[in-house]
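Take a look at the structure below.
The values are calculated or read from the model by the stated rules, or taken from the named source; none is laboratory data. These figures come from a predicted structure and were not determined experimentally. Positions of Cβ are generated from backbone atoms using ideal geometry, with glycine treated the same way; all protein chains shown enter the neighbour counts.
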Amino acid sequence: MRRSFGLGVLILVVLPLLLAAQQGKSGVDWRPLLWLIGDWTATGSGKPGQGSGGFSFHQDLQGHVLIRKSFSEYPATAGKPAYRHDDLMIVFPAGKDLRAEYFDNEGHVIGYAISVSSDGNTITFVSEEAATGPRFRLTYRKNSERTLTGTFEIAPPDKPNGFAKYLEWTAQKQVAK
């Protein structure tokens, strides 16, 4: 009886300290995105064709930002040679919100607002409405502790909320060595 009471007290004291430590020295609360942190291997399909690749989310700048690095490799098709897509995203706090800036090897730069579902299992990045050009939505859905489903959608300029799926993939989190 005393042992379980002591364990309960220990949990009540240590758990808040562990959760506070997740904010790190930066004061940024990364808890809603913690399940994304790590290295992922992905396979998927979409209009560009079958592809494979990977991505990672890691804290940087002493916990002040998250860095996502991603790549996709696409095999040659009848009309197109094989190619590789590389991108970098920086996730950062903006007041009480989280935002992201995306850059890729094709010259795209996209600003995103980030939202997290009430159950914490879906993280959505949505670009701002622009006077010209499409809008973008990137979504990660947690399937289990080590798997997720991702989608990338595009909305045409004349229908800024008319998102249509462009790419879809599944990913498996790599076990730390």
Near pairs, Cβ below 7 angstrom, 6+ apart or cross-chain, from region 122-144 (of a type outside the set (A, V, I, L, M)) to any residue that is at pLDDT below 95 and not in a strand (DSSP E or B): Glu129/Pro160; Thr132/Pro157; Gly133/Pro157; Pro134/Pro156; Pro134/Pro157; Arg135/Glu129; Arg135/Pro160
Residue ID - surrounded by the fewest Cβ atoms within 10 Å (Cβ to Cβ), chosen from residues in region 17-40 that are in contact with a helix residue (DSSP H, G or I) (Cβ under 9 Å, 6 or more places away or on another chain) and at pLDDT 85 or above: Arg31
Identity of the residue in region 141-163, touching a Ser or Thr at 6+ places or on another chain (Cβ under 7 Å) and polar (S, T, N, Q), that ends up farthest from Thr43 (Cα to Cα): Asn143
So Glu101, is it without any contact (Cβ under 8 Å) to a residue 40 or more places away in the chain, assigned to a strand (DSSP E or B) and either over 20 Å from Leu148 (Cβ atoms) or among the acidic types (Asp, Glu) (or both): yes
Leading residue by the ranking (modelled with the lowest pLDDT) among those in region 50-65 that are surrounded by 14 or more Cβ atoms within 10 Å (Cβ to Cβ) and either under 26 Å from Tyr83 (Cα atoms) or out of contact with any Ser or Thr (no Cβ under 9 Å at 6 or more places or on another chain) (or both): Gly51
